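Computed from the coordinates by the stated procedures, all read-outs in this text should not be read as laboratory data. Please read these numbers as outputs of a predicted model, since none were measured by experiment. With ideal geometry, Cβ positions are generated from the backbone for all residues, glycine too; neighbour counts draw on all protein chains shown.
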Amino acid sequence: MSAPKVFIDGSSGTTGLRIREYLEPRHDIELIEISSEQRRDPETRKAALAEADLAILCLPDDAAREVAEWTNGSLTKIIDASTAHRVADGWTYGMPEMQPGQRESIRKAGRVSNPGCYPTCVILSLRPLIDAGLVHTDAPIVVHAISGYSGGGKSMIARWEEDGSPLAGLPFPSPYALETQHKHVPEMTKYTGLDHRPHFLPAVIPTYAGMRVEISLHGSLLANDADGQSIWQTLHQRYENEQFINVVPLEEAAEYSEPAFDPRVCNGTNRMVISVIQNDVGHVLLVMQIDNLGKGAGGAAVQNMNLMLGFDEAAGLGH
C-alpha cells in the first residue's frame, strides 16, 4: 500500500516550515513538492491539491477560503491552519483533547480547522472547569498572554530582528491589539463555552518562539466552592492520560522560583504545561506554556494529520 500524499500549501511561511520540519524525516507519508516559482501559480497548486490525500493550508485567511472553494466536493482532506474556518459550519475543530469524542470527530473529518496558539491555552485550561461547573459561563474572563514574535509571521519577524528597528533588542513585552477584538477571540468564546467574549491582552516578547498565557480567576468567579485544589484536580483528571499535556503538581507550581514560568520551556515540542496557583485570599491563577509554533500551530497540525490519516497520534512529534 502506497504512503498517503500530503501537500503543504504555503510551506514557506513560519507554520509551513515547522510542519515541513516535522514531516520531512518521515517515510510513512509522501510530501508533494512544487518549486518556489510555482507556489503562487493557481493551476499548479490545484493539481497538487487534487493529487494529495491530505493538504495543510498555511495561508492568509482569504487565500484559505479560496482553496476551500477549489476543493469543494474533492476527496482531499483539508487542515486549515489559518483563522478562516475556526468557527465555521462544516469544519471540525482540531483540538483532540478539548472534550470526549473530539478525537474521533477529527479522525472521521474531511475538513479540520487547526486551533490558534492563544486559544489552545485558553480553551484547554478553561473548558474543563466550565464543564465541571467550577467557573460560571457568564464569568468576566481576562486573559493576559505573551508570545514570541514568530507568531506574527515574516513581517513581524523582520520588525523584531532588523538592525535599527525600535523593536530589536527590546527588553520588555510589547502589547498589541488592545483596542480591538483579536481574531482569536471568537474561537476562545465558542469552544470554552463562555457566554461573553473574554478581555484578551496579548503582547509580543523579544524571543523568536514560546508562549505563556495567564488567566486570573478572582475568587468571586468560582462556583460550587471551587478552589485551587478542586481546579487542579479537575484539570489533572481531564489530562492525566494525554501525552502532550502536563498539569504540574499543585505543590510544585506553588514552589516556583525566579525566573518563573519561562515561555520558552516547551519550545521545539508539541507539549503544553498547565500550572495552577492559589493565593491566600482565594484567587486562582492559571498559567499555560506552549511553543506557539508547536502545539500552537505546526505540531497541532501534524497531530491532526496523524489522526485523519490513521497514524499514531504522536507520530513524528516526540514528546
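A few remarks follow.
- Order of Met95, Met156 - criterion: other Cβ atoms within 10 Å of each residue's Cβ, fewest first: Met156, Met95
- Multiplying the residue separation of Phe311 and Leu17 by 0.36 nm and subtracting their alpha-carbon distance yields 103.7 nm.
- Paramagnetic reach from Leu167 in segment 118-138 [backbone N under 11 Å; point 7 Å along Cα→Cβ]: none
- Calculated Kirkwood radius over Cα pairs in Å (choose from (i) 23.6; (ii) 22.2; (iii) 20.2), label: (iii)
- If only the Cβ of Lys and Arg carry +1 and only the Cβ of Asp and Glu carry -1, the dipole of segment 117-292 around its Cα centre is close to 620 debye.
- Qualifying trypsin sites (Lys or Arg not before Pro) in segment 129-211, where qualification requires a DSSP coil assignment and no more than 16 other C-beta atoms within 10 Å, comprise Lys183.
- If the segment from Lys46 to Asn72 were pulled out straight at 0.36 nm per residue, it would be longer than the present Cα-Cα gap by 8.2 nm.
- Of the residues Gly296, Ala253, Trp232, the one whose Cα sits farthest towards the positive end of the charge dipole of segment 197-319 is Gly296 (charges of +1 on Lys and Arg Cβ, -1 on Asp and Glu Cβ, taken about the Cα centre).
- Coupling constants for segment 37-54 follow from the phi torsions by the Karplus curve (6.51 cos²θ - 1.76 cosθ + 1.60, θ = phi - 60°), and in residue order they are 5, 9, 5, 9, 8, x, 5, 5, 5, 4, 5, 5, 5, 5, 6, 6, 6, 8 Hz; glycine and proline get x.
- Relative contact order for segment 117-292, counting Cα pairs under 8 Å that sit 6 or more residues apart, in percent: 29
- When the Cα positions of Trp91, Ala223, Gly210 are compared along the charge dipole of the chain, Trp91 comes out farthest toward the positive end, with charges on each C-beta of Lys, Arg, Asp and Glu.
- With both labels modelled 7 Å from their Cα along Cα-to-Cβ, the Lys154 to Glu242 distance reads 3.4 nm.
- Taken about its Cα centre, segment 69-205 carries a charge dipole of about 380 debye when Lys and Arg each add +1 at the Cβ and Asp and Glu each add -1 at the Cβ.
- Cross-link partners of Lys108 among lysines (Cα-Cα below 29 Å; sequence separation of 8 or more within a chain): Lys5, Lys46, Lys77, Lys183, Lys190, Lys295
- Taking packing as the residue-averaged number of other Cβ atoms within 10 angstrom, the listed peptides 230-242, 291-303, 38-50 run from highest to lowest as 291-303, 230-242, 38-50.
- Take the Cβ atoms of Lys190 and Ser35, set R0 to 51 Å, and the FRET efficiency comes out at 0.85.
- Helix 117-131 and the longest principal axis of the C-alpha atoms of the chain enclose an angle of approximately 50°.
- Over the chain, dividing the summed -39,500 (n - 2.57) contributions of all DSSP H runs of at least 4 residues by the number of residues returns a 222 nm mean residue ellipticity of -9000 deg cm²/dmol.
- Assuming charge only on the beta carbon of Lys and Arg (+1) and of Asp and Glu (-1), the dipole of the chain about its Cα centre is about 600 debye to the nearest 20.
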